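The values are calculated or read from the model by the stated rules, or taken from the named source; none is laboratory data. Since this is a predicted model, take the numbers as computed values, not measurements. Counting neighbours? That spans all protein chains shown, and the Cβs are built from the backbone with ideal geometry, glycine included. Each accessible area value is taken on the protein alone, full model and side chains, heavy atoms only, with ligands, DNA and RNA left out. Shrake-Rupley method; radii C 1.70, N 1.55, O 1.52, S 1.80 Å.
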Amino acid sequence: SEQRFRDVAESAGDWIWEMDADLRFTYESPRFFEIFPVAPERIIGKTREEFAGRALDEPHWQAHRATLAARLPFRDFGYSTTMPDGSVRYLQISGKPIYDAAGAFAGYRGTGRDVTDHELSQLALKQSEQRLLVAIESISEGFCLYDSDDRLVVFNSKYKSILYSGVAIELKAGMKFEDIVRRAAESGLIKEAQGRVEEWLAERMARRRNPGEPHIHQRGDSRWILVSERRTQDGGTVAVYSDITELKHREEQLAAKSKSLEVLSNQLAKYLAPQVYSSIFAGRSEVKIASQRKKLTIFFSDIAGFTEAADRLESEDLTQLLNHYLTEMSRIAIAYGATIDKYVGDAMVIFFGDPETRGVKNDALACVKMAIAMRKRLHELQDVWRGAGIDKPLRSRIGINTGYCTVGNFGSEDRMDYTIIGGGVNLASRLEAAAEPDQILVSYDTYSQISDEIHCVDRGEIKVKGIAYPVAVYQVVDTFEALGKMRDSIRVDRPNFKLDIDLDRMSTEQVEEADAILRRALVRLRAADADAKPGISTPPEGERGVRKGPVGKRNSATRRRSAV
């Protein structure tokens, strides 16, 4: 039996030991001496104190000594010992008292094991955990980790201060998340939960079960908290609570400043044309002294007899009347995409083609249609003004020209004016001065762009100040669409051959003159064709399609057939 015991003792991973009734070692299995390279005589027959060479008065040894004195069994009593090379080994022993055949206490028998590797790994784990806790504690945001049962595992002090700011509520590992946030809500710490704790808690837990994008909630102490939650691989939840109160305040300040800038920019916009304003604020153009040559359509208008009206009206009434007039005209100009250059008393200077253009033709059409709309609106306003006691309502004069101008910023680096200069501008001004009340006069350059959509009357040529040659002028009647009739005209423009006939605007005498001119032209064309093709004869010049007798009065249809 003893041999079998010794065989087991020598083959076991742990060592086996025995003590007598005086607590002196009587046996240590070979495994012990493999761990501790000491001679058996240093152990056998000696007590723990004698073996250690000192009094074992540490608290845990005193507790162990009390257990032995009480002759009680013990398990996994741990201690450490320093080896001759200075290394430390960690040991655990278990034992139970033994008695002889007479029932007298005979000592202890038990086992021991070397747990150094385990202890070192546990120590390393604790050190890692400690470093992790230090790192978590150093985070400026609140940090927390919950397990798969939604129980708190680890957190930092910032998390508690955010969650329970100014309230003495205990927070410790193992607590359920729902209980933690419920206490915060019931304590009035969460603003959106005030007066609706259960409803808010249901919403919060639903978000907790399906965390998505970070969300913001306002605390009862006027703080704003950004909560970011993510699921861990083991089903837990890690969350970061960021105090964004300062950022929120800055955001509110920025919003207030943006609102102020918006109000200011809206006020500044009233001093600029909408296209210029949007071009500058969108960054499409630089605010610097620069200009360019472009073909524009320029519009001038003023109020006929304004000086007389100013003498008859009180300044307050005149101001109200003028502002009403300019407001109504400006609305129409903006609706047609015009660039309002300036107001000069009762006069308006407008142009099309910069900073935005739809092409020379479309710009000219838009300008003339705008002028027609302004005249129509002014007629409507005359009834309103008569009802207000103004016996002589305002009537406008308008001049329009299409031509090359210099457009851009003029002035100094400190103050600039976006405007236009050039001969084309002067001509538009002269046309406006030559117009009668309610008239819209356009130059030939403008007429050539609009003649297929706008009905105009040829007013011949006039001499204007500042221009050496006579200027062809046309009076705008209305659009063909508004007049409700199709234009009966023939217009051909080819190299070496141009024909422009408008039957609706021709008098009887003009029809007769055109008839004769076209017949003479036809005879000469046939003669030229005969010269090119020998063998074809032509009638004598006196018989070449010349009608006998006067033409006389005819209706419009007859005139058209004759002309054709």
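So in the stretch 85-109, with the set limited to residues that are without any contact (Cβ under 8 Å) to a residue 12 or more places away in the chain and open to solvent by 90 Å² or more (accessible area, probe 1.4 Å), which one is nearest to the chain's Cα centre (by Cα)? It comes out as ASP85. For the stretch 110-123, check the following and say yes or no: at least one residue is of a type in the set (Asp, Glu) and surrounded by 15 or more Cβ atoms within 10 Å (Cβ to Cβ). Looking through the stretch 110-123, at least one residue is of a type in the set (Asp, Glu) and surrounded by 15 or more Cβ atoms within 10 Å (Cβ to Cβ). Of all residues in the stretch 238-267, those being touching a residue at least 24 places away in the same chain (Cβ under 8 Å) and either assigned to a helix (DSSP H, G or I) or under 14 Å from HIS215 (Cβ atoms) (or both) number 6.
Only residues that are in contact (Cβ under 8 Å) with a residue 24 or more places away in the chain, within 19 Å of ALA239 (Cβ to Cβ) and touching a helix residue (DSSP H, G or I) at 6+ places or on another chain (Cβ under 9 Å) were counted across the stretch 188-213, and they come to 5.
Taking the conditions (1) exposed (fewer than 15 other Cβ atoms within 10 Å of the Cβ); (2) closer than 15 Å to GLY220 by Cβ in turn, VAL181 satisfies each one other than (1).
A count restricted to the stretch 198-225 and to residues that are modelled with pLDDT of 90 or more, open to solvent by 40 Å² or more (accessible area, probe 1.4 Å) and of a type in the set (A, V, I, L, M) stands at 2.
Screening CYS144 with (1) in contact (Cβ under 8 Å) with a residue 60 or more places away in the chain; (2) part of a helix (DSSP H, G or I); (3) not small (Gly, Ala, Ser) gives one miss only, at (2). Selection of the stretch 375-432 for residues being polar (S, T, N, Q), surrounded by fewer than 16 Cβ atoms within 10 Å (Cβ to Cβ) and touching a residue at least 24 places away in the same chain (Cβ under 8 Å) yields only SER412. Can you find a residue in the stretch 487-507 that is open to solvent by 60 Å² or more (accessible area, probe 1.4 Å), over 60 Å from the mean Cα position of the chain (by Cα) and modelled with pLDDT of 70 or more? No, that holds for no residue. Going through (1) open to solvent by 80 Å² or more (accessible area, probe 1.4 Å); (2) assigned to a helix (DSSP H, G or I); (3) closer than 27 Å to ARG75 by Cα one by one, ARG131 falls short only on (3).
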